[in-house]
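The values are calculated or read from the model by the stated rules, or taken from the named source; none is laboratory data. All of these numbers come straight from a predicted model, not from anything done at the bench. Quick note on the areas: whole protein, heavy atoms, side chains included, nothing else; ligands and nucleic acids left out. Shrake-Rupley method; radii C 1.70, N 1.55, O 1.52, S 1.80 Å.
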Amino acid sequence: MVISDSGGRIDHGHHESQATRALHDVVAFDDAIRTAATKTSARDSLLVVTADHSHVFTMGGYPSRGNNIFGRQTKIAHK
């Protein structure tokens with residue numbers, strides 16, 4: 001049973017430097033895994049989640065807590 005192929009879109013977001021897209025697709029992938037877990041039995045099913053490779057997701061600079069990670073930084077933390 002295939003629940004979703006949304007995990008493949010995470011990679012596209014990374015390659016195109018679209019952090020918002022990548023993060024939203026991570027949430028969709030997590031939702032798909034949760035759905036699969038609720039539709040199967042841990043007693044008689046094996047749930048396999050795979051990836052062909054990964055990317056590093058970093059946020060550089062010195063942002064203050066509370067900044068919106070989907071937009072421009074509006075406040076800079078003081079050291």
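May I ask you to list the residues in segment 32-50 that are part of a loop (DSSP other than H, G, I, E, B) and within 18 Å of the chain's Cα centre (by Cα)? Walk me through how you get there before you give the answer.
Residues of segment 32-50 part of a loop (DSSP other than H, G, I, E, B): 40-50.
Selection gives V48, V49, T50.
Given the structure, is A22 at pLDDT below 70 and hydrophobic (A, V, I, L, M, F, W, C)? Don't jump to the end; show me each part of the working.
On the way: at pLDDT below 70: no; hydrophobic (A, V, I, L, M, F, W, C): yes.
In short, no.
Just the residues that are of a type in the set (F, W, Y) and open to solvent by 70 Å² or more (accessible area, probe 1.4 Å), please, taken from segment 11-68.
Start the filter on segment 11-68 by keeping residues that are of a type in the set (F, W, Y), which leaves 29, 57, 62.
Result: F57, Y62.
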